[in-house]
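The values are calculated or read from the model by the stated rules, or taken from the named source; none is laboratory data. For clarity, every value in this text was computed on a predicted model and none was experimentally measured. Neighbour counts are summed over all protein chains in view; Cβ atoms, including those assigned to glycine, are modelled from backbone coordinates with ideal geometry.
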Amino acid sequence: MKSGTFGSFIRILRTQKKITRQEICDKTSLSTTMIQRIEEGKANPHPDILRELAKILETDYHELLEACGYLDNTTASSNGKSRKEGQSVPLIAWSALPGIRPLDKKAVDILAQEKVSSTLDLQNLFALRVYENQWAEAYIKGDILIIQKNRTHYHGDTVVVLNPKKEGSPKPNSPATLKKLRLMDKKWFLFSISKLEFPDCEPLTKENKALILGTVVESRRFGENIDK
């Protein structure tokens, strides 16, 4: 389904449910501007956003994934129809992230600790396991994050960012962290999603943009099947 057609589908579904854009904004991580862009076919929401939309619009998450182009019509769904299994995604350690720039497939496969499954019909994927609760408002220890490299960024994306080693500063506790991308007054900013990190907001520059390894396109709660 083309993005414009998908946007119309979301708009029709929203109006049928008599839900306003502001109500979606209040109950999700989306801004009213981004909701409008989605409905106008100017932005493709990533799977975590589709999960939020499915909940508030009371519709099937996998149907939204398929409608948005993340799944083809032969991929497994929740309605019991026969579909193919999807792909295996390499799970790598956070400590390995600085050593695999650029993130080519061969390097990722060599450093993979194990494989996790994903039904997303996307390329350039790798996975990370959340190792502590520093991002507890969004993710908890044990969660599996599916990351896509080289993805076009959108407002509200959660991205994996390398922590730079600054001269005269102590070594970061982790080689990488998670941040939120937000577009404000036509300028991009990186927001921390951890109360332990400072600064909690910084403009997106050429230097820190180069440190972005990928975008979180799917997450799995510890003990939850990723296909749900």
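For residue 18, indicate whether it is modelled with pLDDT of 85 or more, under 29 Å from residue 128 (Cα atoms) and basic (Lys, Arg). So residue 18 fails the test. Going through 82, 88, 118, 95 one at a time, which residue ends up being crowded, with 17+ Cβ neighbours inside 10 Å and either more than 26 Å from residue 177 (Cα to Cα) or modelled with pLDDT of 75 or more (or both)? It is 118. Inspection of region 55-78 finds a residue satisfying the criterion of being in a helix (DSSP H, G or I), at pLDDT 90 or above and under 19 Å from the mean Cα position of the chain (by Cα).
Scanning region 115-146 for residues that are more than 16 Å from residue 97 (Cβ to Cβ) and charged (D, E, K, R) yields 115, 121, 137, 141, 143.
For residues that are hydroxyl-bearing (Ser, Thr, Tyr), surrounded by 12 or more Cβ atoms within 10 Å (Cβ to Cβ) and at pLDDT below 80, scanning just region 135-188, find the one that is nearest to residue 209 (Cα to Cα).
Start the filter on region 135-188 by keeping residues that are hydroxyl-bearing (Ser, Thr, Tyr), which leaves 139, 152, 154, 158, 169, 174, 177.
In the following step, the residues that additionally are surrounded by 12 or more Cβ atoms within 10 Å (Cβ to Cβ) were identified as 139, 154, 158, 174, 177.
With the extra rule that they be at pLDDT below 80, the set shrinks to 154, 174.
Numbers: 154: 13, 174: 18 Å.
Looking at residues that are hydroxyl-bearing (Ser, Thr, Tyr), surrounded by 12 or more Cβ atoms within 10 Å (Cβ to Cβ) and at pLDDT below 80, I get 154.
Taken together, 43, 54 contain a single residue that is of a type outside the set (S, T, N, Q) and in contact (Cβ under 8 Å) with a residue 24 or more places away in the chain, which is 43.
I'd like to verify a number: residues in region 131-149 that are in a loop (DSSP other than H, G, I, E, B), closer than 22 Å to residue 45 by Cβ and touching a strand residue (DSSP E or B) at 6+ places or on another chain (Cβ under 8 Å), how many?
Start the filter on region 131-149 by keeping residues that are in a loop (DSSP other than H, G, I, E, B), which leaves 131-143, 149.
If we keep only those that are closer than 22 Å to residue 45 by Cβ as well, we get 135, 137-139, 143, 149.
Pick out the ones that are also touching a strand residue (DSSP E or B) at 6+ places or on another chain (Cβ under 8 Å) and you get 135, 138-139, 143, 149.
Final tally of qualifying residues: 5.
Scanning region 1-41 for residues that are within 18 Å of the chain's Cα centre (by Cα) and not in a helix (DSSP H, G or I) yields 28, 29, 30, 31.
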